Structure formats: C-alpha cells, structure tokens
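A.B. asks: I'd like to ask some things about the structure below.
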Amino acid sequence: MLNKIYTYFHNPLKGWDPISDAYANSYSNYSKSNFDASCIEELNALCGHLIGKTLIDLGGGPGQYTLALAKYGALVTWRDVSKNYLKIVQQQAQKENLNIDFQLQYMDTATGSFDVVFNRVCFHYCINDRAFLKTIYQLLNEKGIAYLILHNKNMANLKHKNLIKRLYKYLVHCLNTYASIKIGHPPFGQYKLKKMLCRYPFSKILIEPHGNNTKVVLFK
Ligand SMILES: C[S@@+](CC[C@H](N)C(=O)[O-])C[C@H]1O[C@@H](n2cnc3c(N)ncnc32)[C@H](O)[C@@H]1O
C-alpha cells in the first residue's frame, strides 16, 4: 500500500529517476565486468533457442542482459524506471545495431504477451510481491517461460551488527513474509516464494538457491 502510494508521486515519465547518472555509470561498468553469460546460455537452451522469441526484461537496468538476449536473436523489450539506465542501454543498442523496444515505466504495470519474461536481481524492488508475480504470470503466453534471478533471504541483512537495525530488518522481513505487508524492498526466502507460486498452475517449476540469489524458472 505504502509502496503503491509512493509510485503516484514518483513518475519516471515526469522526470523522476531513482538512479543518479554517476551510479548508473558505475553499476553499468560493474555489470559489464561481472556479466554472467551462463544464465543467457541456459535460457537459450531451455527455450530450444531464443531466435524470434518475444522477451521482456523487467528491470533491465543498464541492459547488459537485454543486449545479450537481443544478440541471441530474441525480440526484446526493455522496461525499467530509470532514464539514466535508458540512456546507457539505448546508446549501446544503437552502437551494436540492435533493435530493442524501450519502455520507461514500472515493471509492476507491464502488459502484453511474451514467450519469455526475464527478471534479474530486482524482483524485490516491485511494489507488491504477490501482485508482481501475477503480472509475470499474465505476461507469459500459453507456453511461456519466466526466468527469474531473485535476491534471497541472505540479502535481507537479518544479521546486521547494530541491534536496532537488526530488529527493524527482522520486523520488515516478517511483515512481508508472513503478512504480505511490504515496507521498502525486503528480499524474501523460499517459504514466501513457494506460498506465492502454489497459486499458479505452472506446468513445471525449478528453484535453485546459489548463495545470495535464487534462480527460479517457471514454465506455463
Ligand atoms: C540491481 S539493478 C538490476 C539491473 C539488471 N536486471 C541486471 O541484472 O543488471 C535493479 C534495477 O531495477 C530497476 N527498478 C527498481 N524498481 C523498479 C520498478 N518498480 N520497476 C521497474 N524497474 C525498477 C532499477 O532502476 C534498476 O535498473
């Protein structure tokens, strides 16, 4: 609710950008040097191939993955709230002569029908976890695949050194996990993930935790 009210006053189309120019450039460089090609290769294999597949990258950021997916032949839509990231990914797409559809908007309100939904390390930034999973489900066409890399509970900072901060983080985590009251952007663990996923008739679900991230692949 609080997160939703926040979005009414923070409209990316009216100039609001949560990411500064400096941060956008530094994350873009970080993302380039830590690029994980294995997830693109795996997604390509899971789809048979990505050539001609319609794909939306929700929270695409500086676009390293958006661009790589387009190079594999997918028809890619990038969607994010940051105009500074938009500038970076647009410039690079132009340089590499890649045709990408750009949407400067909240990932939560995405509509359309896609073969693949891609969402990497930004699920927890959504306005409401359950509503966002519903958006993802609705974006998938009949045989669609959602490929998600989620920050998991290890990133919730529940072991913060400062006792007050630790208690606050724990409260925020519990409210989100057990009462679906989301304050800020707490990552969540497998308990909540499984509770949310069982509402949808996916034909197959893969969940693989790796350190701070959990890979989730959903087959409609
Ligand atoms: C950690 S970055 C991840 C970027 C990219 N997916 C990657 O793997 O490098 C998080 C991204 O989520 C975007 N973001 C945060 N909240 C969002 C929202 N509600 N709707 C769309 N994008 C959002 C930010 O602008 C940023 O680009």
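The values are calculated or read from the model by the stated rules, or taken from the named source; none is laboratory data. As the structure is a computational prediction, the values presented were derived from the model and not from experiment. As a convention, Cβ positions derive from the backbone with ideal geometry for all residues, glycine included, and neighbour counts pool all protein chains shown. Areas reflect the complete protein model, heavy atoms only, side chains present, ligands, DNA and RNA absent. Shrake-Rupley method; radii C 1.70, N 1.55, O 1.52, S 1.80 Å.
A.B. asks: Can you name every residue in the range 104-141 that is open to solvent by less than 20 Å² (accessible area, probe 1.4 Å) and charged (D, E, K, R)?
C.D. replies: 129
A.B. asks: Right, here's the next one. Within the set of pairs 6+ apart or on separate chains, which have a first residue in the range 142-157 that is open to solvent by 40 Å² or more (accessible area, probe 1.4 Å), a second that is not in a strand (DSSP E or B), and C-beta atoms under 6 Å apart?
C.D. replies: Every condition considered, the pairs that remain are 151/121; 151/124; 151/187; 153/189; 154/212; 155/187; 155/212; 157/169.
A.B. asks: Tally time: how many residues in the range 6-40 are part of a helix (DSSP H, G or I) and closer than 19 Å to residue 102 by Cα?
C.D. replies: Number satisfying all stated conditions: 7.
A.B. asks: Please name all residue pairs, on different chains or six or more residues apart, with Cβ atoms under 6 Å, provided the first residue is in the range 72-89 and is closer than 11 Å to residue 18 by Cα and the second residue is more than 6 Å from the ligand (Cβ to nearest atom) and assigned to a loop (DSSP other than H, G, I, E, B).
C.D. replies: Final answer for the pair search is 82/17; 83/17; 84/17; 85/62.
A.B. asks: Taking the residues in the range 48-60 that are more than 11 Å from the ligand (Cβ to nearest atom) and either part of a loop (DSSP other than H, G, I, E, B) or without any contact (Cβ under 8 Å) to a residue 60 or more places away in the chain (or both) as candidates, determine which candidate is nearest to residue 9 (Cα to Cα).
C.D. replies: Here the answer is 53.
A.B. asks: A further question follows. Right, residue 185: surrounded by 14 or more Cβ atoms within 10 Å (Cβ to Cβ) and under 18 Å from residue 127 (Cβ atoms) or not?
C.D. replies: Spelling it out, residue 185 is indeed surrounded by 14 or more Cβ atoms within 10 Å (Cβ to Cβ) and under 18 Å from residue 127 (Cβ atoms).
A.B. asks: Shifting gears a bit: Considering only residues that are open to solvent by 70 Å² or more (accessible area, probe 1.4 Å), within 11 Å of the ligand (Cβ to nearest atom) and hydroxyl-bearing (Ser, Thr, Tyr), which ones fall in the range 1-40?
C.D. replies: 6, 23, 30
A.B. asks: Test each condition in (1) in contact (Cβ under 8 Å) with a residue 24 or more places away in the chain; (2) at negative phi for residue 170 and report the one that comes out false.
C.D. replies: (1)
A.B. asks: How about the range 61-90: which of its residues are within 12 Å of the ligand (Cβ to nearest atom), open to solvent by less than 10 Å² (accessible area, probe 1.4 Å) and among the small types (Gly, Ala, Ser)?
C.D. replies: Those that are within 12 Å of the ligand (Cβ to nearest atom), open to solvent by less than 10 Å² (accessible area, probe 1.4 Å) and among the small types (Gly, Ala, Ser): 61, 63, 82.
A.B. asks: Give me the helices (runs of 4 or more DSSP H) completely within the range 96-204, filtered to those with at least 1 residues that are within 16 Å of the ligand (Cβ to nearest atom), ordered by residue number.
C.D. replies: In the range 96-204, 129-139, 163-179 are the helices (runs of 4 or more DSSP H) which contain 1 or more residues that are within 16 Å of the ligand (Cβ to nearest atom).
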